[in-house]
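Read through the structure below, which is laid out as C-alpha cells, and then see the notes.
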Amino acid sequence: MEYRNLGASGLRVPVLSFGAGTFGGAGPLFGAWGNTDAAEARRLIDISMEAGVNLFDTADVYSAGASEEVLGQAIAGRRDAVLISTKIALPMGDGPADWGTSRARLIRSTDEALKRLGTDYIDLLQLHAFDASTPIEEVLATLDGLIAAGKIRYIGVSNFSGWQLMKSLGIAQRQGHPRYVAHQVYYSLAGRDYEWELMPLAADQGVGALVWSPLALGASHRQDPTRPAAAGG
C-alpha cells in the first residue's frame, strides 16, 4: 500500500480509505446502503488492514451514530493500528442545538463521537458542512481547544465551497489556529467539478483530498441494460 502525507500535515494515510457508511445501517437512507453488524465489520476491517488500509471514515449522522458505534466495536483492541476519521455538523435531532458548528455543539458532538467510538481521541475530525450561522472565528477557536485537550489531532472539512474553505484558511492563519488539512469531496469519472476550483485551491494551500463516492454511487461500474454484455474470453 502506498502512503502519503495528508495535505500539509505530518499525518501519513493510505491512498485508499474505508468508508463505514453501511455500518449499523438503519433508516430509509442508510439502511438502503446496507446493514453491516460488528462481526462483519471486524471481518471487513481485517481484510482492509491486511492490505494496508488503516484509515476508516464515518460520521455521527450515519444511522444516527450507529456507524460510529459499530466501527468502535470492530476496532476494539487495536486502536493504535488504525486511523479514525469522523464528521460532525449535520442535524442529529430536531432541536436548535442539534445541528451546526457552534462552540457548544462542537464540544458536545466531539464528546459523543468519542463515546460511541470507544476511544479518547479522533485522528481526523471533519466538519460535514459549512455553518453560515456560526462565526468562523468561533469554530476555529473551539477546534483549537479540542486539539489542545487531546480529543482530536487533525481537522478537516467536507462539502465546502471554494470561498468557504479559503476564508477559513485565511482566518486560521491570521489568528494562529490549526488549519484544515483535508477536504472530503465528491469526485469521480462521472462528477469532476472538483477539478475546476477546489483541486487547484487544495494544491496551493496544502489541503489533502478525501474522496466520497469515487464510483459515483455505483454508476461507473454498473452494467448499462441498453448495451450488450461483453463477450467472454
* Asked: Hey, rough spin-label estimate for residue 50 and residue 189, points 7 angstrom out along Cα→Cβ, what's it come to in nanometres?
  -> 2.8 nm
* Local net charge near residue 98, Cβ-Cβ under 12 Å (Lys/Arg +1, Asp/Glu -1) -> -1
* Asked: Which angle from 0 to 90°, rounded to the nearest 10, does the C-alpha axis of helix 103-117 make with the longest principal axis of the chain?
  -> 40 degrees
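Once fully extended, how much extra length lies between residue 196 and residue 2, figured as 0.36 nm per residue of separation less the alpha-carbon to alpha-carbon distance?
67.2 nm
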* Structure fact -> Relative contact order as a percentage, the chain, C-alpha pairs under 8 Å and 6+ apart, gives 15 percent
* **Charge tally in the Cβ shell below 10 Å around residue 23, where Lys, Arg are +1 and Asp, Glu are -1, residue 23 excluded** => -4
* To do: Starting with the fewest neighbours, write out 158, 213 ranked by other beta-carbon atoms found within 10 Å of each beta-carbon.
  => 213, 158
* In whole angstrom, how far apart do the alpha carbon centroids of the range 167-198 and the range 77-115 sit? -> 20 Å
* Asked: Can you sort 30, 160, 23 by how many other beta carbons sit within 10 Å, fewest first?
  -> 30, 160, 23
* Structure fact -> Straight-line reach check, residue 115, cutoff 18 Å on alpha carbons, 8 or more apart in-chain or any other chain, hits among lysines -> 87, 151
* Which FRET efficiency, nearest 0.05, do residue 26 and residue 120 yield, Cβ-Cβ r, R0 35 Å? -> 0.85
* Structure fact -> By Cβ neighbour count within 10 Å, fewest first, 140, 11 rank 11, 140
* R0 of 30 Å, Cβ-Cβ distance residue 16-residue 163: FRET efficiency to nearest 0.05 -> 0.50
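We did not get these values from a lab; they are worked out from the coordinates using the rules stated. None of the values given here were measured: they were computed from a predicted structure. Neighbour counts are summed over all protein chains in view; Cβ atoms, including those assigned to glycine, are modelled from backbone coordinates with ideal geometry.
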